[in-house]
Structures are given as structure tokens and as C-alpha cells.
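Take a look at the structure below.
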Amino acid sequence: MPSTACLADTDGQPGGISGDTTVGRKIHRLVTDLYPICRSITGDGLRTTLRKIGEQVPLEIHEVPTGTRVFDWTVPKEWNITDAYVKNSAGERVIDFRKSNLHVVGYSLPMHEWLSLTELREHLHASPEHPDWIPYRTSYYRDTWGFCLSHNDMLALKEDTYEVCIAATLRDGFLSYGECYLPGDTRDEVLISCHTCHPSLCNDNLSGIAIAVHLARALSTRRRRYSYRFVFAPATIGAITWLARNEGAVSRIKHGLVLACLGDPGQSTYKKSRRGNAQIDRVVAHVLRHSGSAYEIRDFTPFGYDDRQYCSPGFDLPVGSLMRTPNGCYPEYHTSADDLEFVRPEALADSYSKCMKVIGILEANTTYMNQSPKCEPQLGRRGIYDGVGPGGLLPVEELAILWVLNLSDGNHSLLDIAERADMDFDVVLRASDTLREHDLLVETGRRGGLEEVRHG
Ligand code: ZN
């Protein structure tokens, strides 16, 4: 059994943002592969994305028909798009969907008309603060259409008659989502959820998807105490649909994370679950505190990603949200600048490594009973304690042994001990392993692993 809870991918290693980037490059490759696809909350781009995820991990794809009631919502019509453009009177495409799928407002109604510049302008969106970037806009649940373009390109438009075409369909169809379920020793679940509905945007959308895929890949070859459920669904309506169809099973979810915005160079940010003191909240806080790099922990707010749905009062699941720079807090957010250069392999590797550390702690956290609780057992005799060193300090490994012995009364988990001792969980875990080998501890909880399972 490994003595460390903090197993990274076999080709990655835990560490700061400068850490190993082999896994970071792999994650970035998946981001690159998914980047060109025009995704939305329904449609073939979403389906293609799920199919590509399904090439990497076992994925069950669900198709929920238009019109299906999901709590207070209804699954919308399916939107598909093949082309869109604005042509000037010379026949030149001055706005071209083929160059960037961000040019079309998501869920735009199909149309084909000739318009004056004044008429066209009412349907154009640009961002003067960042005049070279194309903003990302959607019009879900509203019957309208529009184009997005850089402010500079908008200024360059001259008086003319423009041919405006959106070759799209909005018809009864399906909402697609994918689930990767990895059964563990228990039916208790860890939920990992990410949204899959943004088109060519890397940090907001693809970073979460690509990291979730690589977590699933890594966990699939390991023994697991928990069962893991990865949900790849369009934001809001997808999570609502998933919850509506799985209402009876959500009590199995013991811990959960929504993953998004994990590839930018900013510091890690964790948004707590609505409960605020769930084990997942404590574990992520612990990992970030001992990560050696700057981080921020935010309280729950009913705004953000699908933690809004998982933490709605009717569910109140222990689900937090791990990000780097949060949605809306970086200038590239929801613009064409959230691209393949903006997400960095080393940041993706760092986020991945932190997720694996969180999972490692969830798996390994357990409770022990000290078998020699009346005064300290004589540790020197057992060769596991040298005492105070030349500087008058006790080595951290030995101090950890004293903490584990003292608090292992059946009521304190290893995480409790690590928090109280202000020590990295791994140090406390190693101390507990040592004491167990010397029959000084008996487990009263249930310890998981994450050891590699090798098939013969
Ligand atoms: Zn977004």
C-alpha cells in the first residue's frame, strides 16, 4: 500500500505551477483538439465533444428530448449551425463564422436578409475596452439573432447593403450530456462536474473538461474507495436536467467539485459549497494551504457555475468549485482572447495535481484508535523516534507521530489531525502508516487507497 495520498498521474507529479508539465501538455493537447468545435447547450458540436471525450474515457451519452420538463425548466429546441456570414455588396465576407465560431451569437435564429449598416448594427456586439477581441454572446431562451466582432472590425464597416446569413436550425431535438462512472469499493460517490457548452473558449469550458477527462483516466486504473461520477453537461440546463433525472441517487454524493477556469496563469481559487464546512471544503482548503503557492478561498455565492444547481436548497450537496481566476475576473473571459495561448500547460498541470491531491486525501482520510493510550508508548525502543535534534526541535515526521498518537481516539480523522497540527496531510498519513505497522493503531474508519491496479 502506498504511504502517500498525493499520487499524481504516473507521468505527472504534485507541485507548484512550475511543476511537471508532461501531463499539462497532454491536457493542453485535448484542449487543442476540442477548441475548434462550435458547442452550445444542445446540438452536434456538443455531441462531437462528448464523442471525443468518449474516446478517452468510458462515457455514457444521454439524449433528453426537447420539451422535457426538468424542475422549473424545459429542455429547449436543439440548435445547429453550419455557416454564418455578413457580406458587403462586393460579396466579401466581412464577418465570417468559418474564421471564428464566436462571431455568431449562440442560439441565433436562422435568417437570410439584406440590411443597411444601421439595421445591421442593432444586431452587432463588440467590446470597446478590448478593441481586437471578439466577445462571446448567447441568446438562449430568447428569439433573436446577432453577430459578434472586434470593435476595430465594427468601426471599419462602411455604409453599404449587407447580405446577412445565419445557416442554422432550431428544431425539436435533444439535449446531450455525458457521464463517466467509475465504480469503487463503496457506492458512496465523488461527483466531478464541468460544463461543456462554450464554443472556442479555452479556460472557461475546455480546461475543466480536459482536466476532468485526465482525472477519470488516472482514476480508472486505480483501486478506489469511492465511486466517481464525472458529469459533462451544458451549463445550467444540463446540470438541472442531470439533477432532475438523478434526484433519487444524489444522496450517494459525499463530495463534489465543479471544475472550470483551471488553465490561466492566476492563482487557484476555491469557492466553498453552500454548507461551507463540508469535508470537500476542508480538504481543498488544506491542499491549497499546503501547496506552497498563493490561493484564495471564497464563500459560497449563488452565482457562478453549476455549483448553483448542486447547492440549490432542495439539494444542498457538498459540492464546491475549483478554479484559478474565477469567471468574470480576467479580461480574456468570454472573449476570443480566452484561447490556446491563454491556457498554459504548467497551469493545467498544477490544477490537475491539486485535484489529484484532493482526491488522494478524500480516499485516504480515516480514523484510528491508539492501542497504547495511557501515556506515550516507548517509541525509541521501536526505532521510530529519535527525539529532539541538535537545534532543540523535533523533526516534523516525529512530531506528526506524537500528534497521531494523541488524537487517534476514534473521534479524530487524519484530516482533523493534520488541521490541528497544521501539517501536510501526507506527513500525518505517513506517521499513521508507521504507527500501524508497529501495531500502535487500529483503524476504526475506512481507509481507501488509490494504488494502481495492474491487470495480468
Ligand atoms: Zn462562461
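The values are calculated or read from the model by the stated rules, or taken from the named source; none is laboratory data. The structure presented is a predicted model; accordingly, all values stated were derived computationally and were not measured. Cβ sites come from the backbone with ideal geometry, for glycine too, and all protein chains shown count toward neighbours. Just the protein is used for accessible areas: all its heavy atoms, side chains included, with ligands, DNA and RNA removed. Shrake-Rupley method; radii C 1.70, N 1.55, O 1.52, S 1.80 Å.
Lys271: which lysines have alpha carbons under 19 Å from its alpha carbon, excluding same-chain residues fewer than 8 sequence positions away?
Straight-distance partners of Lys271: Lys254, Lys354, Lys357.
Summing +1 for each Lys or Arg and -1 for each Asp or Glu, what net charge is found among the other residues whose Cβ lies under 12 Å from the Cβ of Glu376?
+2
Rounded to the nearest 5, what is the percent of antiparallel bridges among the DSSP beta bridges in the chain?
65
Give the residues of region 78-101 whose amide nitrogen is closer than 20 Å to a point set 7 Å from the Cα of Leu117 in the direction of its Cβ.
Under cut-off, by backbone N: 85-96.
Out of the total accessible area of the chain (probe 1.4 Å, heavy atoms of protein only), what percent is carbon and sulfur?
C and S atoms contribute 48 percent here.
Probe of 1.4 angstrom, ligands and nucleic acids ignored: what's the accessible area per residue over the chain, in square angstrom?
Values: 18940 Å² over 456 residues.
The answer is 42 Å² per residue.
Mean projection of the alpha-carbon convex hull of region 203-253 over all orientations, in nm²?
Over all viewing directions, region 203-253 projects a mean Cα-hull area of 4.2 nm².
Give, as a single signed number, the net charge of other residues whose beta carbon lies under 15 Å from the beta carbon of Thr269, with Lys and Arg counted +1 and Asp and Glu -1.
-1
Quick one: longest stretch of the chain between exposed loop chymotrypsin sites (Phe, Trp or Tyr not before Pro), exposed meaning at most 14 other C-beta atoms within 10 Å and loop per DSSP?
With a cap of 14 other Cβ atoms within 10 Å, the longest stretch comes to 142-302.
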